[in-house]
Structure formats: C-alpha cells, structure tokens
Amino acid sequence: MAERVSIQTQDFDLSAEVAALRQHHRGVGAVCSFIGTVRDRNEGQSVSTMELEHYPGMTEKAIEAMIDEAFRRFDILGARVIHRVGLLRPTDQIVLVAVSSAHRGESFQACEFLMDYLKTQAPFWKKEQTPDGARWVDARVSDDKALARWGIDARNA
Amino acid sequence: MKIQLRYFASIREALGHGAETIETQASSLACLRDELIARGGAYAEALARGRAVRVALNQAMADETAALADGAEVGFFPPVTGG
C-alpha cells in the first residue's frame with residue numbers, strides 16, 4: 001500500500017503527490033488537495049520564522065486514524081498527508097492533504113474533513129518569532145467549531 | 001508502577017525537560033496530574049487546574065478519567081496548533 005502519512009523537515013512536491021494518488025488507482029476521477037503555508041503576519045504582528053514541534057509516534061498514529069475515519073465516512077480511493085516540522089519561514093509550505101475519489105464531491109469533503117480533524121487532534125505546536133520575541137500560537141475556537149460540523153467534539157481550544 | 005512522562009511545547013519549556021520516568025500509585029490520569037501539581041514550582045504552574053492542558057495516554061488523546069497501568073506513556077501538552 002502507498003505511504004499515507006509523512007512527518008518531515010524537508011519540503012514536498014504537490015505534483016509528485018497528486019501523480020502518485022492518480023496512478024495508485026485506475027478508478028480515480030478526482031483529486032482534491034489543500035496546502036497550508038506560513039503567513040508573514042498573525043494576531044496583528046509580523047512573523048519572521050515559525051518553529052513546529054510534534055509528538056513523534058503519536059502524530060503518525062493520530063493522522064493514520066483520521067485517514068481511516070475518512071475512508072469510513074466518504075467514498076474515497078486514496079489519501080495522503082504530509083506535515084512539516086522544524087524551522088519554517090513565511091511562504092513555506094507546512095501541510096499537504098490530498099484525497100482521490102471517483103467523483104469530486106467525496107474528495108472535496110474528505111479533504112476538508114481531514115484538515116479540520118488535523119487542526120484540533122494531531123499533536124503539533126507552532127511557535128512564532130515576532131518583533132516582541134517568541135510566542136506559542138494559541139488554539140482557535142473556530143477550529144473546534146469546524147470539526148463540530150462533522151459531528152466530532154474537538155475539546156481542544 | 002513505573003510510567004513514562006512526556007511534555008511538549010510550552011509545558012516542556014516551563015518544566016525545562018521533555019521526558020521523565022516516575023514511580024506512581026496514581027489510579028487515573030487526573031490523579032497523576034494532581035500528583036505532579038503537588039510537586040509545586042513549575043509543575044504546579046504549568047499543569048494547574050483551570051489551565052488548558054491536554055493529555056495523551058499511550059500516544060492517543062485521552063480523558064483524564066482514563067485508568068493508568070504499569071508501563072504506560074503519558075503526554076502532557078497545551079491545545080494543539082498544527083496544520
């Protein structure tokens with residue numbers, strides 16, 4: 001089976017990941033992808049760098065379980081999640097979620113579901129460097145609400 | 001029983017280390033957290049009740065009512081902010 005989850009410091013290539021999802025199954029008629037990137041501003045302050053920490057072992061297990069849940073909920077054919085850790089700069093790619101299915105509706109939904117799930121349940125933490133010094137990013141209540149739309153109680157923020 | 005503790009992000013920084021092995025009789029995650037708070041100092045501050053602290057048991061998000069067993073791995077960390 002194709003690799004589904006990668007936690008890595010190095011960058012990733014969207015084209016290569018989408019090509020792998022397309023080639024993995026001949027029934028694929030749709031691939032939907034989301035990429036999260038580092039912004040140069042957050043909470044009204046400029047951000048020069050962002051350090052991403054995670055819980056090795058748990059992170060991979062948590063995301064594998066999320067993908068299993070996406071397969072139970074949606075009629076999808078493949079899924080791929082890559083999340084970077086370590087030191088990142090504005091415009092850098094942070095996360096990729098890509099999903100394949102026979103028709104577009106299922107992959108659009110599963111992609112959003114996985115991203116909402118990951119935001120509040122995968123053990124990653126962001127620390128930003130701002131002109132006032134370093135600060136840990138606060139969890140957002142809006143992310144918990146996004147997951148609640150899928151009937152899951154996030155209990156994070 | 002012996003358990004492994006892991007700390008992450010702001011909690012790891014506040015405690016000054018990311019892991020330790022301890023002997024405990026705590027029956028649940030809540031009891032374990034109280035035991036650590038009772039150490040005082042940085043532990044009392046970082047794990048204080050009323051502070052947003054999430055707990056993982058054996059690398060899965062857990063409720064504090066979850067029971068502890070010998071050899072368990074428990075992680076304490078602030079709300080997650082990935083993605």
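Overview of values
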quantity: Region B:29-83, residues that are in contact with a helix residue (DSSP H, G or I) (Cβ under 6 Å, 6 or more places away or on another chain), more than 14 Å from chain A (Cβ to nearest Cβ) and among the charged types (D, E, K, R); calculated: none
quantity: Selected residue (criterion: surrounded by the most Cβ atoms within 10 Å (Cβ to Cβ)) from residues of region B:38-83 that are without any contact (Cβ under 8 Å) to a residue 60 or more places away in the chain and of a type in the set (D, E); calculated: B:E64
quantity: Selected residue (only one of A:G44, A:G36 is surrounded by fewer than 19 Cβ atoms within 10 Å (Cβ to Cβ), of a type outside the set (D, E, K, R) and within 9 Å of chain B (Cβ to nearest Cβ)); calculated: A:G36
quantity: Hits in region A:10-62 (condition: assigned to a loop (DSSP other than H, G, I, E, B), closer than 27 Å to B:I11 by Cβ and out of contact with any Leu (no Cβ under 9 Å at 6 or more places or on another chain)); calculated: A:R39, A:E43, A:G44, A:V47, A:S48, A:Y55, A:P56, A:G57
quantity: Flag for A:M58 being in contact with an Asp or Glu (Cβ under 6 Å, 6 or more places away or on another chain), within 14 Å of chain B (Cβ to nearest Cβ), under 25 Å from B:F76 (Cβ atoms) and surrounded by 13 or more Cβ atoms within 10 Å (Cβ to Cβ); calculated: no
quantity: Selected residue (criterion: nearest to the other protein chains (Cβ to nearest Cβ)) from residues of region A:66-89 that are within 10 Å of A:V5 (Cβ to Cβ) and assigned to a helix (DSSP H, G or I); calculated: A:M66
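Where a number appears in this text, it was derived from the coordinates with a stated rule and is not lab data. Keep in mind it's a predicted model, so treat the numbers as computed, not measured. As a convention, Cβ positions derive from the backbone with ideal geometry for all residues, glycine included, and neighbour counts pool all protein chains shown.
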